[in-house]
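The block underneath contains the structure these notes are about, expressed in structure tokens.
The values are calculated or read from the model by the stated rules, or taken from the named source; none is laboratory data. Because the structure is predicted, anything quoted here is derived from the model rather than measured. Quick reminder, even Gly has a Cβ in these numbers, built from the backbone with ideal geometry, and neighbours come from all protein chains shown.
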Ligand code: SF4
Ligand code: SF4
């Protein structure tokens, strides 16, 4: 037990090892899969990303020519980014911020 005392004292003064997220912004990890970004100018509404999304986080309304994204369903697999032949979907290093209510996001 006495061998624990130096470590105990060190830990007492070291401070917390966790961040007070979200009040303290999280530092993006290099190569991490963060928020998805969609470039509507490049998107031709082909629907490939919608058909391949394993989490059904994307919805295409062909009649209204609208593409929407649900970040609360997304598992950040990036299948949509890999499947988009126009490079319209990319992953940013920034993380999504928490939200009290699930919200769809209009991509186009
Ligand atoms: S990252 Fe994966 S789960 Fe999220 S929208 Fe793209 S394909 Fe769907
Ligand atoms: S984001 Fe890419 S794959 Fe998805 S509908 Fe637009 S062009 Fe097609």
Quiz item: Out of all the residues in the range 10-39, which are more than 18 Å from the chain's Cα centre (by Cα) and surrounded by 10 or more Cβ atoms within 10 Å (Cβ to Cβ)?
Solution: 11, 19
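Filter the range 30-47 down to the residues that are more than 8 Å from residue 91 (Cα to Cα) and either more than 15 Å from ligand 1 (Cβ to nearest atom) or in a loop (DSSP other than H, G, I, E, B) (or both) and list them by number.
Going residue by residue through the range 30-47, those that are more than 8 Å from residue 91 (Cα to Cα) are 30-32, 38-47.
Within the range 30-47, 30, 31, 32, 39, 40, 41, 42, 43, 44, 45, 46, 47 qualify.
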Quiz prompt | Members of the range 40-60 that are touching a residue at least 60 places away in the same chain (Cβ under 8 Å) and touching a helix residue (DSSP H, G or I) at 6+ places or on another chain (Cβ under 8 Å) | solution = none
Quiz item: Does the range 80-106 hold any residues that are within 11 Å of ligand 1 (Cβ to nearest atom) and over 16 Å from the mean Cα position of the chain (by Cα), and which are they?
Solution: 83, 84
Quiz item: Hey, does the range 26-33 have a residue that's over 30 Å from residue 86 (Cβ atoms) and free of Cβ contacts under 8 Å to residues at least 60 places away in the same chain?
Solution: yes
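Here is a yes/no grid of residues against (1) over 17 Å from residue 47 (Cβ atoms); (2) modelled with pLDDT under 90; (3) within 12 Å of ligand 2 (Cβ to nearest atom):
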residue: 63; (1), (2), (3): no, no, no
residue: 70; (1), (2), (3): no, no, no
residue: 77; (1), (2), (3): yes, no, no
residue: 96; (1), (2), (3): yes, yes, no
residue: 104; (1), (2), (3): no, yes, no
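Identify all residues within the range 85-94 that are part of a loop (DSSP other than H, G, I, E, B) and near ligand 2 (Cβ under 9 Å from one of its atoms); write none if there are none. It would help to see each step written out before you state the result.
If we filter the range 85-94 for residues that are part of a loop (DSSP other than H, G, I, E, B), which is where we start, we get 85-88, 92-94.
Those that are part of a loop (DSSP other than H, G, I, E, B) and near ligand 2 (Cβ under 9 Å from one of its atoms): 85, 86, 87, 88.
Consider residue 46 carefully, then state whether it is surrounded by 14 or more Cβ atoms within 10 Å (Cβ to Cβ), over 20 Å from the mean Cα position of the chain (by Cα) and within 12 Å of ligand 2 (Cβ to nearest atom). Please lay out each step first, then the result.
Numbers: surrounded by 14 or more Cβ atoms within 10 Å (Cβ to Cβ): yes; over 20 Å from the mean Cα position of the chain (by Cα): yes; within 12 Å of ligand 2 (Cβ to nearest atom): yes.
In short, yes.
When you scan the range 12-20, do you find a residue that is outside any helix (DSSP H, G or I) and within 18 Å of residue 92 (Cα to Cα), even just one?
Let us first name the residues in the range 12-20 that are outside any helix (DSSP H, G or I), namely 15-20.
If we keep only those that are within 18 Å of residue 92 (Cα to Cα) as well, we get none.
No: the range 12-20 contains no residue that is outside any helix (DSSP H, G or I) and within 18 Å of residue 92 (Cα to Cα).
State all residues of the range 66-84 that are in contact with a helix residue (DSSP H, G or I) (Cβ under 7 Å, 6 or more places away or on another chain) and in a loop (DSSP other than H, G, I, E, B); if no residue qualifies, say none. Working first, answer last.
First, pick out the residues of the range 66-84 that are in contact with a helix residue (DSSP H, G or I) (Cβ under 7 Å, 6 or more places away or on another chain): 79-80, 83-84.
Once the filter is applied, which keeps residues that are in contact with a helix residue (DSSP H, G or I) (Cβ under 7 Å, 6 or more places away or on another chain) and in a loop (DSSP other than H, G, I, E, B), the range 66-84 yields only 84.
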